[in-house]
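Everything on this sheet refers to the single structure shown next.
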Amino acid sequence: MQIETISDTVHRLILPEQEIILVGTAHISQNSVEEVSSLIDSEGPDRVCVELDDGRMKSKTQKKSWENTDIRTIFKEGKGFLLLANTALASFQRRMGLQTGTKPGEEIIGAAQKAKEMEIPVSLCDREIQTTFRRAWGKSSLWNKCKLLAALISAAFSNEEISTEELEELKKQDVLQSMMDDMAKELPSVKEVLIDERDRYLGRSIFESPGKKKIAVIGAGHTKGVISTIEKLSRGESTPTLDELTVIPRKGWLSGFIQLAVPTLIILLILISAFTSGWDQGLRTFLYWAAVNAGCTFIATLLSGAHILNIIACTVTAPFFALCPVLGVGMLGGILEATFRKPKVRDFENITDESMKFTNWYRNRILHALLVFFFSSLGSAFGTLVAFPLLVAML
């Protein structure tokens, strides 16, 4: 494979049976938008590949897609934390766009629209965002999951500004590589999934897309990894297939063990108390456990501003849900909040606009349901953490 460097952000990859013009962009940059449009005009490719998946393409081009979403289904499917992470990321990226006057991902959408105008086929070459997050979540330890959520949420609410010049600096590989290295030190499992795996997925998708002359529009941070993947594929070296990169990892034995062990130990402590000190003491132990867990959940749901009936339901059921690994009080809280205060069209339309300020999470009904989900989950988990050592001390 021959590599011709056209500019700092554009590389021409010449392979035996195809030619790929790789465009590395800043996802929020007016210069990137203009550069992509100009290249498609001048090069006249027979296919345009973009760093988007089907779901994100629909969300950006079909305004009605959000309106048809049943938020309760998301909670029932156990995707509450994924939606929370998605919302935080979208909010952060949009804030950067507002500061520079460019919509997030405009150069990607612009490339697809330009190709459509010129009747050039388009390939969506990125992995589904839900798959990426689920793999990142599945490969992270409990501590890393907490750090990931904290980083995403703090990024969404940050007031730090960034100039257009600074955004253009992010297009330089050394700056982005430094950022990636920092991420690798803090969260190596997340860096592997969000960056390394997506590099391989994008590289293979672009390589395998039909066409003799292709323009591929990707984030600048993926350029080095995508070129490396395409080079390996051109030499016939073994790299992970697209199917292998979309498999959701099973929970590790330790995670599954802890999930079962905690409720099992609590039940055992209550039974031991009953057999050694009498059933009255066993009942008092259970009521003590229930009071601590329910109390913490009550405070958390109250702080979240949940509907009064939702607060009562979560408080009453929290101790029982905490003893059942399959269920979660957060799921119940999110579903009930979306039921008692059903989201309106405006809530769907403004979800990323309003998520930039924490106070708006109480006003937007989708964000509020997410807030109730998160707070009730946190309250019950904290209640379990507090009650467990106290139950041991009561024996």
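The values are calculated or read from the model by the stated rules, or taken from the named source; none is laboratory data. Model, not experiment: these values are computed from the prediction. Please note: Cβ atoms are built from the backbone with ideal geometry, for glycine as well, and neighbour counts cover all protein chains shown.
Each row is one residue, and each column tells you yes or no for (1) part of a helix (DSSP H, G or I); (2) at pLDDT 90 or above; (3) within 21 Å of GLY80 (Cα to Cα).
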| residue | (1), (2), (3) |
| --- | --- |
| LEU245 | yes, yes, no |
| LYS251 | no, no, yes |
| GLY256 | yes, no, yes |
| GLN259 | yes, no, yes |
| THR301 | yes, yes, yes |
| THR315 | yes, yes, yes |
| PRO319 | yes, yes, yes |
| LEU323 | no, no, yes |
| VAL326 | no, no, yes |
- [ ] Find all pairs meeting these conditions: Cβ atoms under 6 angstrom apart; at least six residues apart or on different chains; first residue within the stretch 1-21 and acidic (Asp, Glu); second residue outside any loop (DSSP other than H, G, I, E, B).
- [x] GLU4/ARG12; GLU19/LYS213
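Let's see how each residue does on (1) at pLDDT 80 or above; (2) exposed (fewer than 15 other Cβ atoms within 10 Å of the Cβ):
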position	(1), (2)
ASP53	yes, no
LYS60	no, no
TRP66	no, no
PHE75	no, no
LYS79	no, no
LEU82	no, no
ARG95	no, no
LEU98	no, yes
GLU119	yes, yes
Task: Failed item, numbered, when ILE299 is tested on (1) among the β-branched types (Val, Ile, Thr); (2) within 15 Å of PHE373 (Cβ to Cβ); (3) in contact (Cβ under 8 Å) with a residue 24 or more places away in the chain; (4) surrounded by fewer than 23 Cβ atoms within 10 Å (Cβ to Cβ) - done: (2)
Open item on the list: Checking ALA156 against (1) farther than 22 Å from ASP53 by Cβ; (2) modelled with pLDDT under 90, only one condition comes out false. Which one?
Closed with: (1)
Open item on the list: I'd like the full set of residues that are farther than 27 Å from LYS145 by Cα, loosely packed, with under 13 Cβ neighbours inside 10 Å and either in contact with a Leu (Cβ under 9 Å, 6 or more places away or on another chain) or modelled with pLDDT of 90 or more (or both), limited to the stretch 230-243.
Closed with: ARG235, GLY236, GLU237
TODO: Give me a count of the residues in the stretch 218-233 that are farther than 14 Å from ARG12 by Cβ and in contact with a helix residue (DSSP H, G or I) (Cβ under 7 Å, 6 or more places away or on another chain).
DONE: 8
- [ ] For LEU124, state whether it is touching a helix residue (DSSP H, G or I) at 6+ places or on another chain (Cβ under 9 Å), at pLDDT below 80 and either of a type outside the set (Gly, Ala, Ser) or crowded, with 17+ Cβ neighbours inside 10 Å (or both).
- [x] no
Task: Number of the condition not met by GLY305 [criteria: (1) touching a residue at least 40 places away in the same chain (Cβ under 8 Å); (2) surrounded by fewer than 24 Cβ atoms within 10 Å (Cβ to Cβ); (3) not in a loop (DSSP other than H, G, I, E, B)] - done: (3)
Task: Enumerated helices (runs of 4 or more DSSP H) restricted to the stretch 341-395, each holding at least 2 residues that are surrounded by fewer than 20 Cβ atoms within 10 Å (Cβ to Cβ) and at pLDDT 80 or above - done: 365-394
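Yes/no matrix, rows are residues, columns are (1) of a type in the set (A, V, I, L, M, F, W, C); (2) touching a residue at least 40 places away in the same chain (Cβ under 8 Å); (3) surrounded by 13 or more Cβ atoms within 10 Å (Cβ to Cβ):
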{"site": "LYS214", "(1), (2), (3)": "no, yes, yes"}
{"site": "SER228", "(1), (2), (3)": "no, no, yes"}
{"site": "LEU245", "(1), (2), (3)": "yes, yes, yes"}
{"site": "ARG250", "(1), (2), (3)": "no, yes, no"}
{"site": "GLN281", "(1), (2), (3)": "no, no, yes"}
